[in-house]
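Every read-out reported here was derived from the displayed coordinates using simple, explicitly stated rules and does not represent laboratory data. The shown structure was predicted, so the numbers you read here are calculated from the model rather than taken from an experiment. Cβ atoms come from the backbone with ideal geometry, glycine included; neighbour counts cover every protein chain shown.
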Amino acid sequence: MSRIAVGIAASVLGLSAPLWGQVVTVGRMSEEVVRMRLKLEGYRNVKSLQKRGDKIIAKSTRDGRSLKLEINLVSGEIKVVP
């Protein structure tokens, strides 16, 4: 992965910018980045990703509970939905 791709992924995941330069987030998160972000936030067994406009609906587990999640691909916001 290139330094730019690593920097963008770090920015999308809310991590601090790499030492080699400023990071700029461009566009929407990919499915791969969504999966990485959920894993970092403590969600496990992520499956059934369905795109709906600028959002992805996913099923996952966290702290032993089954959850349905809505992830905003632009802002990165994760919501638990009924």
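Would you please give the FRET efficiency between SER66 and GLU32, computed as 1/(1 + (r/R0)^6) with r the Cβ-Cβ distance and R0 = 22 Å, to the nearest 0.05? Once rounded, the FRET efficiency stands at 0.45.
Estimated at 0.36 nm per residue, the fully extended path between VAL81 and ASN45 surpasses their Cα-Cα distance by 11.3 nm.
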